[in-house]
Amino acid sequence: MSGKGVRDVVLVGAGHSHIFVLERCIERGAPDARLTLVVDRRIAIYSGMVPGYVAGQYRVEQLEIDAVGLAERAGARVVLDPAVGIDPVGQRILLENAPSVPYDLASFDIGSTVTGLDVPGVRQHALPTRPIGEFVEQVDALVEKARRYDRGDLFQVVVVGGGAGGVELAFALDQRLRDATKRTLRVVLLEFGPRILSRYPSSLVRRVHRCAASRGLEIRCNEEVVAAEEGAVLLRNGGRVPCQALIWVTGPKSHPVFRRSGLATDERGFVQVRPTLQFRDHDELFAVGDCATLVQHPNTPKAGVYAVRQGPYITDNLYAALEGRPLRAYKPQGDFLTLLNLGDGRALGAKWGVTFEGRWVMRWKDRIDRRFMRRFQTLAGGGPANQDTPPTS
Ligand SMILES: Cc1cc2nc3c(=O)[nH]c(=O)nc-3n(C[C@H](O)[C@H](O)[C@H](O)COP(=O)(O)OP(=O)(O)OC[C@H]3O[C@@H](n4cnc5c(N)ncnc54)[C@H](O)[C@@H]3O)c2cc1C
């Protein structure tokens, strides 16, 4: 690291890991450096509660972490502008509009975008789940559209992508639109692969199918969407599925920042990091959460639980790098607790191959999520996460 006086530490993105860094700065004092948060929007959204919000179980304030409030309390300067590149030689973060920001150490926690946005018609006709803040902003308009729809009896919603997010959103929308509109409604989940939840136990998949059948929710596998148009999606096999609303929740893909900057990435453009969370080829650059792929564990799922687990590691390692101490090695856990909100007051769960379901599972999920939000909302000076009774719909 350079021998100049005050060093610049730049956090890019306010994802699930960086909020731990800000928390440490607030509670134990900022490191001996000038701290800057570069972020594209003031509010970070906690995705774990988004399906509950869509289902009508939470208010929007309950999903929100005031990233700028946290940063200010941490004594950080805030630059509200998306990072678009990195100059690793000149040690600068390149921004879309504002002047570039110099760094001695920088860490990225900018999440991911979704694949398939280049499928013809998707940008015009679909509602993608990323950026998640923009998705959340569109939910009420979708419900309103369903309420006012008068061009036929059936309002059909197509959800594309049978991962955990797609499954939860399909159930959540089914519940919300039924509650809000009382109209004839169908949610169809389209999955490109031979089964939904490809990385989860078969018994969880069976439970999802059973719950879907009992709710009239249709799940179709081996269906590749090749185009979207007004009122329908077109399939590779020539089929056409009518839809009045189209939700795009296909797999994660990297923002172009890393590849554009000539850094070492995996095939999806996610930056490669070592166990210390440093970039493969740069000691002064770190990355965590969805945007990073661990060289030694490249198949680690892009899930918030991993980003959360990396929070204490990136915090320790940034402090250690500044103080010249050895860095800690992060090793991802082998399995994680999956809790899928069904939108009707029940949830499905899986851990170590064992699966379960019921209202108690939803109460458990709700407690975990609220505890997490209480911690960071209180720190940022807010705290609506706990003002309501648990969801019971
Ligand atoms: C509907 C849905 C439900 C989900 N539910 C779960 C769940 O229950 N459990 C789970 O483990 N995972 C879940 N996930 C996956 C989870 O959302 C991600 O894995 C998680 O958000 C990744 O966290 P992160 O810290 O990497 O990034 P994020 O939480 O996405 O944060 C990224 C941050 O970077 C900012 N940013 C983005 N681009 C830029 C830029 N260019 N410059 C500056 N700032 C930028 C953003 O505004 C944000 O502050 C869900 C995903 C979806 C879509």
Length-normalised contact order of the chain in % [C-alpha pairs under 8 Å, at least 6 apart]: 19 percent
What does the charge add up to near residue 133, with Lys and Arg as +1, Asp and Glu as -1, over the other residues with Cβ less than 10 Å from its Cβ? -1
Using θ = phi - 60° and the Karplus form 6.51 cos²θ - 1.76 cosθ + 1.60, what ³J(HN,Hα) does each residue of segment 57-69 get, whole Hz, x for Gly and Pro? 8, 10, 8, 4, 4, 6, 9, 9, 10, 7, 5, 5, x
Take every DSSP beta bridge whose two residues both sit in the chain, then give the antiparallel share in percent to the nearest 5. 50 percent
Could you identify which residue out of 343, 358, 162 has the top mean-square fluctuation in a GNM of the chain using Cα springs shorter than 10 Å? 358
What residues have an amide H closer than 5 Å to that of residue 255, excluding those fewer than 5 places away on the same chain, when H is modeled at 1.01 Å from N in the peptide plane? 113
On a 0 to 90 degree scale, rounded to 10, what angle separates helix 304-323 from the longest Cα axis of the chain? 10 degrees
Calculate the radius of gyration of the Cα atoms of the chain to one decimal place, then report Dmax, the largest Cα-Cα distance, as a whole number, both in Å. 21.4, 70
Anisotropy class of segment 27-102 from Cα gyration tensor, a/c 1.5 cut: oblate
Under 5 Å between amide hydrogens, which residues at least 5 positions from residue 265 or on another chain qualify, with H placed 1.01 Å from N in the peptide plane? 272
Convert each backbone phi in segment 80-92 into a coupling constant with the Karplus relation 6.51 cos²θ - 1.76 cosθ + 1.60 (shift: θ = phi - 60°), then list the ³J(HN,Hα) values in order as whole Hz, x for Gly and Pro. 8, 6, x, 6, 10, x, 9, 10, x, 7, x, 6, 9
If I compute solvent accessible area with a 1.4 Å probe over the protein chains, what percent of it on the chain is carbon and sulfur? 49 percent
Counting Lys +1, Arg +1, Asp -1, Glu -1, what net charge surrounds residue 291 among other residues with beta carbon under 14 Å of its beta carbon? +3
When the chain is treated as a Gaussian network with springs between alpha carbons less than 10 Å apart, the largest mean-square fluctuation among 163, 262, 52 is found at 262
Kindly write out, for segment 253-270 in residue order, the coupling ³J(HN,Hα) from the Karplus curve 6.51 cos²θ - 1.76 cosθ + 1.60 (θ = phi - 60°), rounded to whole Hz, with x marking Gly and Pro. 9, 6, 4, x, 3, 6, 5, 4, 8, x, 8, 6, 10, 7, 6, 9, x, 6
Given springs between every Cα pair under 10 Å in a Gaussian network model of the chain, which of 108, 171, 372 has the largest fluctuation? 372
Give the long-range amide H neighbours of residue 85: residues separated by 5 or more places, or on another chain, with amide H under 5 Å away, using H modelled in the peptide plane at 1.01 Å from N. 94
Total lysine pairs whose alpha carbons fall under 25 Å of each other in the chain (8 or more apart, or interchain): 9
Added length on full extension, which subtracts the Cα-Cα distance from 0.36 nm per residue, residue 42 to residue 323: 98.2 nm
Based solely on its DSSP helices, what 222 nm [θ] is calculated for the chain when runs of n ≥ 4 H residues each add -39,500 (n - 2.57) and the sum is averaged over all residues, nearest 500 deg cm²/dmol? -9500 deg cm²/dmol
Heavy-atom accessible area per residue - the chain, 1.4 Å, Å²: 43 Å²
Using a ≥ b ≥ c from the Cα gyration tensor of segment 1-60 (square roots of the eigenvalues), is it rounded, prolate or oblate, where a/c under 1.5 gives rounded and otherwise the larger of a/b and b/c decides, a/b for prolate? prolate
So, with +1 on the Cβ of K and R and -1 on the Cβ of D and E, and no other charges, what is the size of the charge dipole of segment 130-206 about its Cα centre, to the nearest 20 debye? 240 debye
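The values are calculated or read from the model by the stated rules, or taken from the named source; none is laboratory data. Note that the structure is predicted; figures quoted are calculated from it, not measured. Neighbour counts run over all protein chains shown; Cβ positions are idealised from the backbone, glycine included. Ligands, DNA and RNA are excluded from the accessible area calculation, which covers all protein heavy atoms including side chains. Shrake-Rupley method; radii C 1.70, N 1.55, O 1.52, S 1.80 Å.
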